[in-house]
Amino acid sequence: MKIFKSHFFRQNKSQRNGIFLLVLLIIVIQFIFLLVDHTPSKLEIASPSELLAIQKQIDSLKGVEVENRKPKIFPFNPNYISDYKGAQLGMSLGEIDRLLTFRKTGEFVNSKRQFQQVTNVSDSLLSKISRYFKFPDWVVERNRQNKKLGYRYDENIALVKSSAELSTIDLNLASSVDFQFVEGVNAPLAERIVKYRSKLQGFSFEDQLFEVFNIAEHRVQKILKTFKIGQKPKILKLNINTVGFKRVT
């Protein structure tokens, strides 16, 4: 009590009145707060359609978040798919091994159709991953030209034109243009084949195609999948004792 008196009555009259007024104001505010009803006047209940719309929005946001967390796939050249990359794309070990085996031959996959023929991936997986394939610009341009001219890939991965468009499938009658219907056979190589065939007076055996200068074995195999010897050449015999050096070479 002494402590209370020493602090309270030490103040002058105006200060004490101010304290009483403040205490009274606090009591009045508390009383008003207790009397006022703070419950909502009307509980609003959302309709089923509104709840469904909210749920769809929540599901949409969840879907966006899931997509954002997925690893990003950037455009890539399918010729350089590794075991790890192939597994990420959903390819089986067998499909990856077939691609790697094909690449070891020195060949390149140049279209999504050829990729499927080499790897045997399903149509659904091809549709899923082929959108990310990025081939060199010159390959894209060549494929565009081939499509325009009516080229197609056959089951042997040899790029050929429709047989109706070839002038012949006889190895001894085919022109340099005909040989260029096979993938990988450019104009210089086709000319070398024709020139060497002329020097031999025609191919008597298909294996003689391997003797063409700077021709790869796999190129020969592709050519022989399209062209065969139809008629044997008639070899003009020369007298070795009288023929000139230039005529022999």
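The values are calculated or read from the model by the stated rules, or taken from the named source; none is laboratory data. What you are looking at is a predicted structure, and each value in this text was computed from that prediction instead of being measured. Cβ coordinates were reconstructed from backbone atoms using ideal geometry, including for glycine residues, and neighbour counts include every protein chain displayed.
Among the numbered conditions (1) more than 21 Å from the chain's Cα centre (by Cα); (2) surrounded by 15 or more Cβ atoms within 10 Å (Cβ to Cβ), the only one that SER111 does not meet is (1).
Here GLY94 fits the description: among the small types (Gly, Ala, Ser), at pLDDT 85 or above and more than 16 Å from the chain's Cα centre (by Cα). If the Cβ limit is 8 Å and pairs must be 6+ apart or interchain, which residue in region 99-114 that is on the phi > 0 side of the Ramachandran plot pairs with which residue that is part of a helix (DSSP H, G or I)? Filtered contacts from region 99-114: GLY106/HIS218. Can you confirm whether ILE73 is under 17 Å from the mean Cα position of the chain (by Cα) and not assigned by TED's automatic domain parsing to the domain that holds ARG131? It is true that ILE73 is under 17 Å from the mean Cα position of the chain (by Cα) and not assigned by TED's automatic domain parsing to the domain that holds ARG131. Given the criteria modelled with pLDDT under 85 and surrounded by 11 or more Cβ atoms within 10 Å (Cβ to Cβ), does ILE215 qualify? No: the conditions fail for ILE215.
Rundown of residues vs (1) in a loop (DSSP other than H, G, I, E, B); (2) at pLDDT below 85; (3) under 30 Å from LYS112 (Cα atoms); (4) of a type in the set (Ser, Thr, Tyr), yes/no style:
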site	(1), (2), (3), (4)
GLN15	no, yes, no, no
GLU44	yes, yes, no, no
SER49	no, yes, no, yes
VAL64	no, yes, yes, no
